[in-house]
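Beneath this line is the structure, given in structure tokens, with notes to follow.
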Amino acid sequence: MHKLFMDDFYDESFKLIAVHCNLEDYRLAYLLNKSLNLKLKRCQDDLDFEYFKSSYAIYEWENTSEYITWHLVANICKKEEDSLYSSGTLFQDSQRVLKTFNLIPEYKNVNYFIKISNEISDLNDKVVLNKINRIPQIITSYSVDPAKLKSKDYLIF
């Protein structure tokens with residue numbers, strides 16, 4: 001009898017960059033395309049988790065000449081839901097509440113993640129981070145070690 005673990009099969013090496021900014025996802029994708037010479041495009045479907053409880057915008061560009069795939073994914077999803085109220089009240093007025101969900105709960109303050117999957121070429125993190133940090137609308141960006149994340153499975157797409 002043999003026991004197989006998913007870690008035996010899935011060994012994708014990727015770099016992860018956290019981005020803090022107050023931009024909409026399409027605006028950030030445009031600025032990254034402009035400053036890093038990328039061609040990020042919005043994917044047709046968003047990342048959906050827990051039966052559509054939360055969804056996250058995702059942009060992708062597959063650079064076939066350098067064998068690098070770039071992903072820009074939102075870390076924050078804000079959704080309006082009905083609030084719970086006690087029955088037996090005089091008025092049956094339901095109130096709406098804005099709930100916030102995070103793709104990577106360990107980094108609640110991060111607005112976006114950039115995932116760089118490279119098969120062959122070795123991309124220099126510092127050069128990419130310097131170019132991202134030069135964009136005036138970005139507050140800060142830094143590298144994150146994906147191996148230390150508890151919820152790194154959410155980054156498999």
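The values are calculated or read from the model by the stated rules, or taken from the named source; none is laboratory data. Everything numeric in this text was worked out from a predicted model, so none of it was measured. Note: ideal-geometry Cβ built from the backbone for every residue, glycine included; neighbour counts use all protein chains shown. Just so you know, the surface numbers come from the protein's heavy atoms only, side chains and all, with ligands and any DNA or RNA stripped out. Shrake-Rupley method; radii C 1.70, N 1.55, O 1.52, S 1.80 Å.
Points worth noting:
- So S94, is it assigned to a loop (DSSP other than H, G, I, E, B), polar (S, T, N, Q), at pLDDT below 90 and open to solvent by 70 Å² or more (accessible area, probe 1.4 Å): no
- Among (1) modelled with pLDDT under 85; (2) crowded, with 17+ Cβ neighbours inside 10 Å - the single one K79 does not satisfy: (2)
- Residues satisfying the stated conditions in the range 97-126, i.e. of a type in the set (A, V, I, L, M, F, W, C) and either open to solvent by 30 Å² or more (accessible area, probe 1.4 Å) or not in a loop (DSSP other than H, G, I, E, B) (or both): V97, L98, F101, F113, I114, I116, I120, L123
- Qualifying residue in the range 127-144 (condition: in a strand (DSSP E or B), open to solvent by 90 Å² or more (accessible area, probe 1.4 Å) and modelled with pLDDT of 95 or more): yes
- Scanning the range 26-69 for residues that are touching a Lys or Arg at 6+ places or on another chain (Cβ under 8 Å), open to solvent by 30 Å² or more (accessible area, probe 1.4 Å) and in contact (Cβ under 8 Å) with a residue 60 or more places away in the chain returns a single hit, S35.
- Selection status of K115, in contact (Cβ under 8 Å) with a residue 60 or more places away in the chain and not hydrophobic (A, V, I, L, M, F, W, C): yes
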